[in-house]
Structures are given as structure tokens and as C-alpha cells.
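Input: a single structure, listed below in C-alpha cells.
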Amino acid sequence: MTDEAQDVIGDYRYGFHDPENSTIRFDQGLSEQVVRDISELKNEPQWMTDIRVKAYRHFVERVMPEWGNCDLLNMIDFESITYFLRSSNKTEKSWDDVPDDIKNTFNRLGIPEAEQKWLGGVTAQYESEAVYHSIREDLEEQGVIFLDMDSGLKQFPEIIKKYFGTVIPYSDNKFSALNTAVWSGGSFLYIPKGISVEMPVQAYFRINAKNMGQFERTLIIADEGSSVHYVEGCTAPSYSTDSLHSAVVELIAMEGAKIRYSTVQNWSSNVYNLVTKRAVAHKNATIEWVDGNIGSKLTMKYPSVLLKGEGAHAEVISVAYAGEGQHQDTGAKVHHLASNTTSNIISKSISKKGGRSSYRGLLQVTPKSSGCRSKIVCDALILDENSRSDTYPTMEIGNSTADLEHEASVSKVSSDQLFYLMSRGFTEDAAMGLIVNGFFEPFTRELPMEYALELNKLLELEMEGSIG
Amino acid sequence: MREVAEEILRIENLHVSVEGTAILKGVNLTIHRGEIHVIMGRNGAGKSTLANVVMGHPAYVITEGSIFYKGQPLEELAVFERARAGMFLSFQYPAVIPGVQVGTFLKKSVTSVRDEAPKGRAFRKELTAAMEQLSMDKSFLSRYVNDGFSGGEKKRLEILQMLLLKPHLALLDETDSGLDIDALRIVAKGINEVAVDSACLIITHYQRLLDLVKPDYVHAMINGAIVQTGGPELALKLEDRGYDWLDVTA
């Protein structure tokens, strides 16, 4: 590892990288030809190529968002990004067949171990494509489809064609257009009617190369009365140049279905994380976004739910940790489009060492939707004078029967709390770590235990040297 | 009969100020292992300041004098090192730590102070026994530290920590305030257990705790200094007559 890399890594545990052994690597930069090449390489049906090209043209025309962090957004150099990198020729079903370097990386990240212990299926994506994929046989026998998105398109083109881009059209925003143009990898998950998948299924996204662009595309469909918990993790090496992660995630919960989507994003601090996540909940369906943002340079992500059917419910629990040089611009959007729909939004953020966290939320109740209820709680914790927290809540309430609660707080760690904990033997850093873990507890208790423990450890590490 | 025991705490001519205001003005006090000392005084006399400055609260500045713990000058020790060396403060107003469960907090605290993680089963046994002694329900363990606790519950959690941490020096800052008589009995039992082998400094306004915890020395503090020292009879006298007869400035 170079000294420069070491400097950038600092305390980030996942900042190591493998040598780049790509089998196919596109030149840096983006053009319509690059888009067509990706589609051709993947041997896609013409309709997909057409969508990609349309999306690309829209991306080129679409101006950069004029909100969020414009300074950082405008620093993205789209010409220096690698848009496609294949590091293994096949998506393997056995870890033994995955190239050693890559396998070792996922071992270090604890994926095979977690898979054996408590997961129903795993997709491991490395750069642009999945290098490993598996699903438990019993789930497959029940008709559950869990594939990387490229295989999904090959094996189930009709389903993909029917739903792809229906929740998030490419024209939604500049980055959904970019993703639609150059998408590669991601997950396709279908749960048949009435099936409850008890063990979570996981996708892990790893960027390894410098200046990499990762554009996974995920589509999850839970048919009537089914339920599933999908878990997503992400890390990348630390480099002094920027990488771009821009995913699109579409969830569809049919009548009475339930999807929980948990994310622990821990990108290194040179990664732009600009992700569009949106779900549709039909009658009596439930969508839960459990969204943790610990790393990255700039994250802009607002998991959304369209409550389309009567009685549907949305739950968005998110945490953001903004350390030195980081901006977490996160939040939630819920659209109450039908009567008697309910939502619950909890957002927690911590800013430290000049980090900046912003909560950006939208709550909409349409005029025809009566009897809707929503509760929003936003708490920010600021650890020092240089750090910053902002809240940008928007409410569009068109129906007077709506029952809404909104609570917001900004707090600091008190010297009494620190003294109390230190008088019980905690060092100042450990005391801070405990307070921070407690602050995020409403989020961590929603995670599978293994993730919760990992996240707590991570935050404790982040608090080391935080006082000074 | 008591042999001369190990010196735990020695305070010499201690002057302390908070934000520039002098609070303690020349306190002298020595406590040996196995002794229970009580400090009584009016509000604002400096009693809580004394307890906090011994534990190392950063807001209190020592302007003159010294504090020694087992012969070692305390200024060399950070707050967490004092805790690990066997010092304990039962807070008058314990801080709330939202989202941190009591069980997690206790285990981590015990681990820090003992410098090793306690064995799972042995620790659970120890914890259960201590909680039974303090009539604390198991449900306490999953609540957040002092979050939504009543005054009595907070004090019991302080005493529970003291029983687990087994300090050599226990500073109890108005631990008896706001307790009903049943809770007071429970808390007194805890103090008596720890006091057998530790040095105890109890800060209180009231005589009633002293019916249950037998002090060796009672000190009257006025305006930042100890003006009179006696046995248990001094506490009765203070309760009966107040402090004016001792107050030369009155």
C-alpha cells in the first residue's frame, strides 16, 4: 500500500484494495457508444438498449440538481470515471470458484461466514458485476427468484420488462438517468404469493478499482401476502481520487405484502453516493426502509414510498454519520396517495469534526386521501462547534383529515453525560462512543443482530480521538 | 475497637472555585478504610463541590491545596483512572444516557473498572443478587440509563453500580434525598455493605439516613470549610438546632 493511500485511509477499516485484475475494462469517460457497448457486451434485448440510450440522452441534457451540495456535485468529473469493469467472467455459485483476490476480500468483509450463519441468499458484486451468487435450495423450491440483475434480465425478461423503471423512470433525476444508461449488476428478487422468507437475503457491493463507477440496479417484487427482508452492505478502498456509486432501487409490494430493505452504507470518504430508492406499496402492504449512512464523501439519498393502496404503511428509519469532510444529505419521502395510509419516519444524524448532515424530507397527502396518519421524528446530535446539521422538511397536505406529528431536536453531548460515564471507568472516547451508540439505538435495534454489533463497533472506532 | 487502617483519602487545605467563584475555602479531611464520614451543611455550603472535585469534575478548579488518594496526588489521575483506581461517586443528579440499556452500561462499566470482561454466568449471578438486595426488578436491565427513572429508581441504580464496582472510596452525594422510608432502608443496606471494607463519605441534609448508617465522624460544613467535627451526636444537634450557632459570619 502506498503512503498516500495510507494517509487517506486513516481509521477506515475497509480501505484496503486488491490489485486490479480486470478481464474487461472500458476506457474512462462516457458517451452513447459506451452505453451501447455495455448493452451489447451483455447481449441484451433491443428494448433494453433503447431505454439505455434514451436515458443517456436525458442524462446529458439534464442539469445538475441545484440543491443538496452543489459545490461537491459540480466537482464530479464524469469523464474520469470508469463505467464498466468486469473482474470475473462468471457469477459463481461456489466461493471456491471465485478468483482468490476477490474471494479473500469478501472473506475479510465476513460475507461467506454471515451467509452460512444466517442468510437465505447472497449476491456479492465486485465492480460492475456479481462475482458470486447463491440462494438456499428451500427458497428456490418455494419459487423465490433471487438473481443478480443481469441474470434476471436473461432469465426473466418479461417480468423485468413489465416492471423496470416503473417506480423510478429514468427521467426522474439526473442520476436515475445515468444509472438507467449504464446500469450493471444489482439484484432481482421475486417472492411468490403468500411466501414468507424468514432469513434475510443479502447483497454486498464492493468497489475495488480507482475512479470506478458502480451503477447497480435492483428490483424487488413481493407478490400478494408475501414478505422478505433484504440487506445491503457496501464498502470501497480509500483512494485520493473520487469514485461514484449511483444505484437505482425499485421495490413493489403487492396487496398485503411486506418488504424490509436494510442498508448499512460504509463507503470510503472518496465515494460519491448518489442513490435513488423508491417503493410502491399497494393495498395493506408495508414498506420499511432501514437506511444507515456512515461513510462516503457526499451521500444524497431519500428513500421514498408511494402509498398507493388503502391501508398501506411506510416505515423509514435512517441514520447518518457525517465525519470530517463528509456531507450526508439524507431523509425520506412518503406520498400518501390513498386513504387510511400511515407512515412513520425516524431520522437520526450525527455530525463530527466539521462534518455536515442534512435531513431533507417530503410528506405528501393528496386531496382524495382521507384518514391518513404520519409521524416524523428528526434528531440531530452535533459533537463539536465546527460541525453542522440542517433540516429541510416539506409538507404538502391536501386533505384536512390527516393526522400529522412532527418532532425535531438538535442536541449536543453534555459535559454531565461525559463526566458521569467517565466516573464509571469509561475513557472519554469510550464515553462518546456509548452516547453515540445510544443515540442510534432506535436504528440499530431494527437491524439483524450481527449488523447491529458491527455498526456499534464501527461507531466506537469513529469516536476514537474525537475529543481534543 | 479498630486498628489504624489504611489511609484512603486525604484532603489538605483545599480551595476550589467554579467559573471564578471560590466555593471551597480550605477543607481538611482524612478518611481511612472502614470509616464512614458524614458531611452536613446548608445548600450552597460546598458539600457537592467537594464530592465532585474529588471525582475530578472538569468544571471545578483547584486553586490551592491537594487531594491524595491512597497517598497519591489525585491531580495526576484522569476521571476514568480515578474510577479504575477504586473511587466511586453516587451522583445527586445522575445523567440520562438515552438509548443505552442499563444491562449493557453495567457490564461495560464493570469491564472498564476491573480491566477485564466479567465472566458471563458469574456476572449474571452477581448482578441478580445485587438487584434482589436492592429490590430492583429485572426489567431495569433493558431500560435506558436513568431515562424516565423516578428519583428513587435513579438512586437505586447508583447504589447498584456501587455494589458491582466495589469501590475503595465511596462518595455519596445526597443519595438519601427524595427517598421514601422503604427505599431509604434499601439504600442504607447497600451503603453498609460497601462500608465494611471501604472509606465512605456521605453528603446529606438529613439525620434520618444516620439512623440506618452509623457514621464514625460527622462534619459540619459552612461557607466552604469544615467548622466542626464530632460523632453521631453532632448530626442530631445540627438537625435540632440548625447551623446558625456554628456560623461565625451569621
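Its Cα centre serving as origin, the stretch A:415-468 has a Cβ charge dipole (Lys and Arg +1, Asp and Glu -1) of approximately 140 debye. In order along the stretch A:312-319, the phi-based Karplus estimate (6.51 cos²θ - 1.76 cosθ + 1.60, θ = phi - 60°) of 3J(HN,Hα) comes to 6, 9, 10, 9, 10, 10, 10, 10 Hz; Gly and Pro are listed as x. Give me the orientation-averaged projected area of the Cα convex hull of the stretch A:1-122, in nm², one decimal. For the stretch A:1-122, the mean projected area of the Cα convex hull comes to 11.3 nm². Taking Cα centre as origin and charging only the Cβ of basic (Lys, Arg, +1) and acidic (Asp, Glu, -1) residues, the dipole magnitude of the protein assembly as shown rounds to 1140 debye. When only alpha carbons of the stretch B:1-131 are considered, Rg and Dmax amount to 17.1, 50 Å. Our analysis of chain B gives Rg over Rh at 0.96, with the two radii drawn from alpha carbon positions and Rh computed by the Kirkwood formula. Given in Å, the Rg to one decimal and the Dmax to the nearest whole number for the Cα atoms of the stretch A:264-336 are 13.8, 44. Scoring B:78-88, A:286-296 by mean Cβ neighbours within 10 Å over their residues and listing the highest first yields A:286-296, B:78-88. Put simply, when B:133-144, B:178-189 are sorted by average Cβ atoms within 10 angstrom per residue, most first, you get B:178-189, B:133-144. Counting charges near B:N223 (Lys, Arg +1; Asp, Glu -1) among other residues having Cβ under 14 Å from its Cβ returns a value of +1. Here the protein assembly as shown is treated as a Stokes sphere of Kirkwood radius computed over C-alpha pairs; at 4 °C and 1.567 mPa s its diffusion coefficient rounds to 45 µm²/s. For the stretch A:3-301, the share of DSSP beta bridges that are antiparallel, to the nearest 5, is 20%. For the stretch A:415-468, the relative contact order works out to 44 percent when only alpha carbon pairs closer than 8 Å and six or more residues apart are counted. Between B:F80, B:L179, B:V213, the Cα set farthest toward the positive side of the dipole of the protein assembly as shown (charges on each charged residue's Cβ, about the Cα centre) is that of B:L179. Remark: the stretch A:163-279 is approximated by an ellipsoid whose semi-axes, taken from the C-alpha gyration tensor as √(5λ), come to 28, 17, 9 Å, largest first. Karplus-derived 3J(HN,Hα) values for the stretch A:332-342, using 6.51 cos²θ - 1.76 cosθ + 1.60 with θ = phi - 60°, are 7, 10, 10, 10, 8, 9, 9, 6, 6, 9, 10 Hz; glycine and proline are entered as x.
With a 10 Å cut-off around each Cβ of B:92-103, the average count of Cβ atoms from other chains is 5. Across the alpha-carbon set of the stretch A:415-468, the Rg to Rh ratio works out to 1.01, Rh being the Kirkwood radius.
For peptide B:109-118, the mean count of partner chain Cβ atoms within 10 Å of a residue's Cβ comes to 2.
Peptide A:424-437 has a mean of 6 when you count, residue by residue, the C-beta atoms of other protein chains within 10 Å of its C-beta.
P(r) tail for the stretch B:168-250: Cα pairs beyond 20 Å make up 35% of the total.
Projecting the alpha carbon convex hull of the stretch A:3-301 along each direction and taking the average yields 14.5 nm².
Relative to its residue count, the stretch B:25-79 spans a Cα convex hull of 99 Å³ per residue. Cross-link pairs exceeding 31 Å in C-alpha to C-alpha distance, out of A:K193/B:K138; A:K375/B:K125; A:K93/B:K119; B:K25/B:K237; A:K93/B:K108, comprise A:K193/B:K138; A:K375/B:K125; A:K93/B:K119; A:K93/B:K108.
Amide hydrogen proximity for A:C234: with H placed 1.01 Å from N in the peptide plane, the residues at 5 or more positions away or on another chain lying under 5 Å are A:F205, A:V264, A:N266. Under a Gaussian network description of chain B, with springs only between Cα atoms under 10 Å, the residue in B:H57, B:H205, B:H15 that fluctuates furthest is B:H57. Rounded to the nearest whole angstrom, the semi-axes of the ellipsoid equivalent to the stretch A:198-260, taken from the Cα gyration tensor as √(5λ), stand at 31, 12, 6, largest first. Rg over Rh for the stretch B:57-170 works out to 1.00, using Cα positions for both radii and the Kirkwood form for Rh.
Under a 5 Å amide H cut-off, with hydrogens placed 1.01 Å from N, A:A279 pairs with A:L251, A:S304, A:V305, A:L306 among residues at least 5 apart or on other chains.
Taking amide H as placed 1.01 Å from N in the peptide plane, A:E92 has its amide H under 5 Å from the amide H of A:Y132, A:H133, each at least 5 places away in sequence or on another chain.
Per-residue packing, averaged as other Cβ atoms within 10 Å, sorts the ranges A:48-59, A:92-103 into the order A:48-59, A:92-103, beginning with the highest.
For the stretch A:142-181, the equivalent ellipsoid derived from the Cα gyration tensor has semi-axes of 23, 10, 9 Å, listed largest first. As a ratio to 2.2 N^0.38 Å, the alpha-carbon radius of gyration computed for the stretch B:140-214 takes the value 1.06. Rg and Dmax of the stretch B:47-90, both derived from C-alpha coordinates alone, stand at 9.8, 26 Å.
Read-outs throughout are calculated quantities, based only on the coordinates presented, and are distinct from any laboratory measurement. Since we're looking at a predicted model, the values are computed, not measured. We place every Cβ from the backbone using ideal geometry, glycine too, and count neighbours over all the protein chains shown.
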